[in-house]
Amino acid sequence: HEVTMSEREQDPKSNIPPHIAEKLRLIEERKAALAAERSTREAAESLPPSPEDVLRAEEETLARMEREEADAKAWRAALSKYGKGRVARIQTPDGLLVMRAMSLQEQDAGAVRIGGIEDDMQRQIVAREVTLDYVVHPAREKAAATTTRYPGLWVRVYEARDALAVGEADSLSGKA
């Protein structure tokens, strides 16, 4: 059977040069492989969790509950010790930071400590250290680790520090 021009025009694949046909074949193979990978992944995701996954999830839930209880106790203790309006809370992905207001003497001592530093970066580092002096929960090392891991939290910490300094901690919309 001889192929006529009209039959060739009707079958677009017959007009494809061999090097392009090979590339199209490779594309189809890769698309099929990706579809198979997706099916395998979806099947794996639909399986019930392994005992190890269940244990890990339960341990994470317990750790979160313990942290939340410790945070609540620390907040109540800080309110009792320093008084309403003299403490602020800053919610973080690692739990609560509780900060107390600084006295005028402490504020002056911090300003002297920071003011004597020429280098801007060193001044910033010391300012953070001075600010951490007024975080009463969690322990300083944990608070420093949290603000290192999430450096954007410094904005909230400075807002809390400043609100406490001017007696406006209650205006931090739920943070104090």
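The values are calculated or read from the model by the stated rules, or taken from the named source; none is laboratory data. Predicted model, so just to flag it, every value in this text is computed and none were measured. Because the Cβ atoms are built from the backbone with ideal geometry, glycine has one as well, and the counts that use them run over all protein chains shown. The protein model used for the area step is the full one, side chains on, heavy atoms only, and it has no ligands, DNA or RNA in it. Shrake-Rupley method; radii C 1.70, N 1.55, O 1.52, S 1.80 Å.
Here are the numbers for this structure:
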| quantity | calculated |
| --- | --- |
| Net +/- balance of residues flanking residue 37 in space, Cβ distance below 14 Å, scoring K and R +1, D and E -1 | +1 |
| Percentage of interatomic Cα-Cα distances in region 100-176 larger than 15 Å | 59 percent |
| Positive-pole candidate from 134, 82, 109, dipole of region 63-159, charges at beta carbon | 82 |
| Exposure of residue 155 as accessible area (Å², to 10), given a probe of 1.4 Å and all protein chains | 90 Å² |
| Debye log10 I(q)/I(0) at q = 0.08 Å⁻¹ for the chain, Cα point scatterers | -0.51 |
| Rounded FRET efficiency, nearest 0.05, which uses the C-beta distance separating residue 68 from residue 43 and R0 of 25 Å | 0.10 |
| Added length on full extension, which subtracts the Cα-Cα distance from 0.36 nm per residue, residue 113 to residue 79 | 9.4 nm |
| Dipole magnitude (debye, nearest 20) for the chain, charges at Cβ of Lys, Arg, Asp, Glu | 800 debye |
| Kirkwood Rh (inverse of mean 1/r, distinct Cα pairs), region 72-135, angstrom | 13.1 Å |
